[in-house]
Amino acid sequence: MQQTPRSNRLHIAIFGRRNAGKSSLINAITNQDIALVSNVAGTTTDPVYKAMEILPIGPVTIIDTAGIDDEGELGELRIKKTYQVLNKTELAIIVVNMKNGVTDFDEDIIKRVKEKKIPLIGVVNKIDVYKADDEIIDRWSKKYSIPFVKVSAVNKIGIEKLKETIIREADLRKHEKVIIGDLIKPNDFVVLVTPIDKAAPKGRMILPQQQTIRDVIDHGAIAVVTRETELTETLKGLGKKPRIVVTDSQAFERVDKDTPIDIPLTSFSILFARYKGDLKTLVEGLTKIRELKSGDRVLICEGCTHHRQEGDIGRDKIPKWLENMVGGKLEFEWTSGTAYPEPQKMKEFDLIVHCGGCMLNPKEMEFRINQAKENGMPIINYGVLIGYVTGVLERALSPFPQIKSILLKNKK
């Protein structure tokens, strides 16, 4: 609870060939020996994540990746994992040196980064060993339309200049999005309904609740936290009408009944669908639910790997709800954590149901939704589905009139 969640940090990934000095560069940037450094090619295998602060950006996650020129069967798997990192990367750094120049491997990663419209910085490393040729570096910069910074990671030469370039090139606009701040005003009461059940973690709030409370406070409003069982008394005791009530999706029905109709109501999951993803697309995905039939295949995706208990939302409740709606059996598959189907695999399903994505950064959630859209795959999230099943969705979308109009249009 004391650290900024990884999902809220700007993700900076470092790419390059084996022995380009990626790990040394991370150690220099962080001023710590956190990445294993060796003259043996291929020391870094799986991506390595390091949290730090770069002011004025704030909290960031720096990702060390395997060499893009790795070899053999294992090497191919490492390269695949390196490319997957691009799906969550918000700023990329490509590390080269004067001896090898910008190779075909480097050009491939540059192309992939640019296709995803990710800001990119070139780093010419090892200038203590290979003399920097400014004329050549200038040609690279013009050819690839990216800035290049000369450094010696081992001797920490040029690191401050690199940090300045990171600050300049980082696209911070996505990190200026708010969860609820645009729906409230200073001194408003915001009631947050947080059920405490068997799945609730001991001694703390779950991440979406923590982040929403912070956003309420950041915007000068007053967060009032209660369970669904005390909601009625909470509303009576406030003295003035709250600006909005936000509930965990699983308590939708009760909270809907206990919240006067003139008070806006929504859920954490719907707020996060807007904050991290594309609420419009997730609501449009409901069209497919009405078309589901027995035998159809549904993929349920979760961004974390939490311990499953009886009554788990993804493993138990959602499958039962969908089968009740269809009136027959459906085939289900699940993914968790970083796993997400490739386009070919995705086409085997009729619908994707995704969690709220609180453990994923906005870039990765955006990638997942876009991949589904590009492959013609309907996708919804837990909050949208629960709101639909309980009949509360129309009300839960009232704070977002344009999205609500899509729901009403699709009802016709």
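No lab work stands behind these numbers, since they all come straight from the coordinates. Keep in mind it's a predicted model, so treat the numbers as computed, not measured. As a convention, Cβ positions derive from the backbone with ideal geometry for all residues, glycine included, and neighbour counts pool all protein chains shown.
Observations
- Computed per residue of the chain from DSSP H runs no shorter than four, each worth -39500 (n - 2.57), the mean residue ellipticity at 222 nm is -10500 deg cm²/dmol.
- When E135, E302 are arranged by Cβ crowding within 10 Å, least crowded first, meaning fewest neighbours, the order is E135, E302.
- Partners of K241 within straight-line reach, counting aspartates and glutamates whose Cα lies under 14 Å from its Cα and excluding those fewer than 8 residues away in the same chain: D188, E233, D258, D262.
- Checking the cross-link pairs K81/K116; K114/K363; K347/K409; K280/K409; K111/K150 against a 24 Å limit on the alpha carbon distance flags K347/K409 as lying beyond it.
- Tail weight of P(r) past 26 Å, computed on alpha-carbon pairs of the chain, percent: 59 percent
- Taking the DSSP beta bridges with both ends in the chain, the antiparallel portion is around 15 percent.
- All-pairs alpha carbon distance profile, the range 342-382, 10 Å steps from 0, percent: 29, 58, 13
- Nitroxide proxy distance, nm - points 7 Å out along Cα→Cβ at K117 and Y83: 2.2 nm
- Placing +1 on each Lys and Arg Cβ and -1 on each Asp and Glu Cβ, with no other charges, gives the chain a dipole about its Cα centre of roughly 700 debye.
- Shown here for the range 203-312: trypsin sites (Lys or Arg not before Pro) in loop regions (DSSP other than H, G, I, E, B) with at most 13 other Cβ atoms within 10 Å, namely R204, K240, R290, K293.
- 9 Å beta-carbon shell around D46, net charge (K/R +1, D/E -1): +2
- The range 132-283 - Kirkwood radius from inverse mean 1/r over Cα pairs (Å): 18.9 Å
- Within straight-line cross-link reach of K185, aspartates and glutamates at Cα separation under 12 Å, skipping those fewer than 8 residues along the same chain: D215, D218
- Principal-axis analysis of the Cα atoms of the chain puts helix 207-218 at an angle of about 90° to the longest axis.
- Against the chain, whose longest principal axis is taken from its Cα atoms, helix 401-411 shows a tilt of about 70°.
- Measuring against 28 Å, Cα to Cα, the residue pairs K317/K373; K161/K373; K236/K320 contain K161/K373; K236/K320 as the ones spanning a longer distance.
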